[in-house]
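First the structure, in the form of structure tokens, and then the observations on it.
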Amino acid sequence: MKKQLIELRVNGRPRELAVEPSKLLLETLRQDLQLTGSKRGCDDSSCGACTVLIDGVPMLSCTLLAASCEGQEITTVEGVSEHGALAAIQKAYGDWGGAQCGFCTPGFMMTVKHLLATTANPSEAEIREALSSNLCRCTGYSQMYQAIKAAIEAEQKGMDSLSQQVAK
Amino acid sequence: MWFAGVYVYLRPTTLEEALEALYQSRGELLAGGTDFYPSLGERLPAKPIVDITRVRELKGITRKPDLFRIGGGATWTELIKAPLPRCFDALKAAAREIGSVQIQNRGTVAGNLCNASPAADSVPALLALDAAVELASRSTVRRVALQDFILGNRKTARQADEILTAILVPRAVDDALSTFLKLGARRYLVISIAIVAVVLDIESGKIRDARVAVGSCSVRAQRLTDLEQRLRGASLSDIAELAAEQHLKPLSPIDDVRASASYRFDSALTLVRRALAQCAAKC
């Protein structure tokens, strides 16, 4: 099959790639870009382990062609950390047992990143609804819920102490 | 230029280009892809792919004097966010329970119709809104009632060179109340066992018009016209009691991995009664 040159923006970097036009975004990320955070779980778009953000919106990379994402901004779990350190939500997932076997975690990170980016102070119902989009077979979700609450608090405290410093 | 016996991927940006590409390539249409890829499994697509996600004319949901036009490329999330009158509440509720948020962000309403699964979540609500679809080819544009568009399991009246350009909902009952109920093994990420949508147009405590549709209980979703007839003119009190087993005649549920036929039949009646009661309670 003839490869085609496409240009993708992944985690803020332009990447030029030669891929078969039939290649799924998930496979392109994992095989061509060695970004193996996104996982192939169910293969029928029902588990969410392959969730990435396309222009900031969570979608399943197992049902998208890489070629169809040309010109759009793709964010994977590898793009969630901030300045080389874990983002608050990543740290909170670790601290609160939101991740156990870890297979579903990268997908959850993207779902939760979108929730926090679009909803400043999500209610319990909003958090639980966001979590419904991904499957986890280890944690039972309650730990994730606690982790998200903790991450929001940590962010708010960080902002408060920052604004106090600014005030001083 | 684009196909010499090799795999071809086309991404037109206008409807005219898309129709030409579809006609010339004899390919398959790809929109959200949320049904397309799972159905392929490990296989490669056998035909050229015409990706219509960037076709301008297919975007958006618009209000016209006599109808609402849901563009062929409109996603579930767009529908959920669109300001629509309350007769769309059932369709919006269906949209929120389709797959997961990721699927709602990518999958299209039109794709759900073209995929023509017996368990398609949007079909009962759209049937209850008397929706029609607009189909365009290079030479023609035609309108087909949704009831006549879905012919059977995975079968529609769409010709190979046609694109479903819009779903049209007549503005006959904008202020009618509507309710959607779905039964699955769990709430999210699940294929339905039974789906019910109810639209009730109410005037001074009496039902002026009623539409009741049931999905996942026959090869294609069905309106329960005998029940609708029974409901017209009835008062809202004890509305649920008016639904009886005999009204489910259009249904022909099957046994499968998700439920037995008799369980489906039983669930359908329970859901119809519950949906009627919930819808009337909104009044």
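Along the axis of the charge dipole computed for chain B (Cβ charges of +1 for Lys and Arg, -1 for Asp and Glu, origin at the Cα centre), the listed residues B:Ile103, B:Ala125, B:Gly215 are led at the positive end by B:Ile103. Checked against a 22 Å cut-off, the cross-linked pairs A:Lys39/A:Lys113; A:Lys113/B:Lys81; B:Lys182/B:Lys282; B:Lys182/B:Lys206; B:Lys92/B:Lys249; A:Lys149/B:Lys92 give Cα-Cα distances beyond that limit for B:Lys182/B:Lys206; B:Lys92/B:Lys249; A:Lys149/B:Lys92. Normalised by 2.2 N^0.38 Å, where N is the number of residues, the alpha-carbon radius of gyration of region B:2-51 equals 1.13. Shown for chain A: the carbon plus sulfur share of the solvent-accessible area, taken with all protein chains present and a 1.4 angstrom probe, equals 50%. Computed across region A:4-79, the Kirkwood hydrodynamic radius from all distinct Cα-Cα pairs reaches 12.0 Å. What region B:30-152 shows is 38 Å² of accessible area per residue, with the surface traced by a 1.4 Å probe over protein heavy atoms. Taking every alpha-carbon pair within region A:88-161, the share separated by more than 18 Å comes to 30 percent.
For chain B, would you read off the P(r) tail past 32 Å as a percentage of all alpha carbon pairs?
Details: 9908 of 39903 pairs.
So the pairs more than 32 Å apart make up 25 percent of the total in chain B.
Interface burial in region B:17-59 reaches 20 Å² or more for B:Thr34, B:Tyr37, B:Pro38, B:Glu42, B:Leu44, B:Arg54, comparing the full protein assembly with the chain by itself; accessible area from heavy atoms with a 1.4 Å probe. Using only Cα coordinates, the Kirkwood hydrodynamic radius of chain A works out to 16.8 Å.
Rounded to the nearest whole Hz, the Karplus-based 3J(HN,Hα) values (6.51 cos²θ - 1.76 cosθ + 1.60, θ = phi - 60°) of region B:63-78 follow the sequence 9, 10, x, 10, 7, 9, 10, 9, x, x, x, 5, 8, 4, 5, 4, with x at glycine and proline. Dimensions of region B:177-282 from C-alpha coordinates, computed as largest minus smallest value along each principal axis and given longest first, are 45, 27, 20 Å.
For region A:11-34, a drop of 10 Å² or more in accessible area on going from the chain alone to the assembled protein chains (1.4 Å probe) is found at A:Pro21, A:Ser22, A:Leu24. Accessible surface of region B:102-161, 1.4 Å probe: 43 percent of it comes from carbon and sulfur atoms. The aspartates and glutamates within cross-link reach of B:Lys64, meaning a Cα-to-Cα straight distance under 18 Å and a gap of 8 or more places when in the same chain, are B:Glu78, B:Asp130, B:Glu134, B:Asp174, B:Asp175. Note on the protein assembly as shown: Kirkwood radius taken over Cα pairs, Stokes-Einstein applied at 4 °C and 1.567 mPa s, translational D equal to 55 µm² s⁻¹.
Between region A:27-105 and region B:249-283, the C-alpha centres lie 38 angstrom from each other. In this assembly, the A-B interface accounts for approximately 2300 Å² of buried accessible surface in total, computed with a 1.4 Å probe and without ligands, DNA or RNA.
Beta bridges from DSSP with both residues in chain A: antiparallel share about 90 percent, rounded to the nearest 5.
The values are calculated or read from the model by the stated rules, or taken from the named source; none is laboratory data. The structure presented is a predicted model; accordingly, all values stated were derived computationally and were not measured. Backbone-built Cβ (ideal geometry, glycine too); neighbour counts: all protein chains shown. Quick note on the areas: whole protein, heavy atoms, side chains included, nothing else; ligands and nucleic acids left out. Shrake-Rupley method; radii C 1.70, N 1.55, O 1.52, S 1.80 Å.
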